[in-house]
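Reviewing the structure listed below.
Bear in mind these aren't lab numbers, they're just calculated from the coordinates by the rules spelled out. Predicted model, so just to flag it, every value in this text is computed and none were measured. Please note: Cβ atoms are built from the backbone with ideal geometry, for glycine as well, and neighbour counts cover all protein chains shown.
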């Protein structure tokens, strides 16, 4: 959007989750959840129209090319929205994949980490029975470690002794202290 505004000198209009220059390329609602359709080319749009039982849309002057679909965005997206509400998200995603139209589910904060994709990416780690979102960056294929911080004051005694701080207990005598001083 920023590049378009810089080139045209006109303020870009917001389109929500829709792509500002490709139609249809946005989120739609199925009967049970949302999904994204990303028909970025005229060929993909023709496959989408055929899959929906509307092959005539691919030849309709209002929809044949992306610039025409941009000009008819509201009408086309409303028609698609009405059709997509009739079936489940999984049914549409299956049909769209079969037709070769890019599409994917919109997942919520609980559904996303439980998905097959999240498992494949090791996006959730479990430690001590608690689930955590994994660090997304991998260096040389190594994932970040998941460590709990030490318990409060777990290393306190050792550190107080090491640095001679108040509150440190006296070190235990092991019998080696006398031999160390005798050799000096």
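Filtering segment 111-124 for residues that are exposed (fewer than 10 other Cβ atoms within 10 Å of the Cβ) and either more than 19 Å from residue 36 (Cβ to Cβ) or out of contact with any helix residue (DSSP H, G or I) (no Cβ under 9 Å at 6 or more places or on another chain) (or both) leaves a non-empty set. Within segment 14-37, being touching a residue at least 40 places away in the same chain (Cβ under 8 Å) and part of a strand (DSSP E or B) holds for 26, 27, 28, 29, 34, 35, 36, 37.
The set of residues from segment 2-20 being within 18 Å of residue 38 (Cβ to Cβ) and out of contact with any helix residue (DSSP H, G or I) (no Cβ under 7 Å at 6 or more places or on another chain) comprises 15, 16, 17, 18, 19. With respect to the conditions (1) in contact (Cβ under 8 Å) with a residue 24 or more places away in the chain; (2) on the phi > 0 side of the Ramachandran plot, residue 86 falls short on a single one, namely (2). Taking residue 104, is it within 24 Å of residue 89 (Cα to Cα), in contact (Cβ under 8 Å) with a residue 24 or more places away in the chain and either under 12 Å from the mean Cα position of the chain (by Cα) or not in a loop (DSSP other than H, G, I, E, B) (or both)? In short, yes. Selection of segment 38-62 for residues being touching a residue at least 40 places away in the same chain (Cβ under 8 Å) and part of a loop (DSSP other than H, G, I, E, B) yields 39, 40.
If the condition is being surrounded by 13 or more Cβ atoms within 10 Å (Cβ to Cβ) and either within 21 Å of the chain's Cα centre (by Cα) or part of a loop (DSSP other than H, G, I, E, B) (or both), then segment 1-13 contributes 1, 12. Could you look through segment 14-55, keep only residues that are farther than 20 Å from residue 89 by Cα and over 25 Å from the mean Cα position of the chain (by Cα), and pick out the one that is surrounded by the most Cβ atoms within 10 Å (Cβ to Cβ)? Only one residue tops the list, namely 46.
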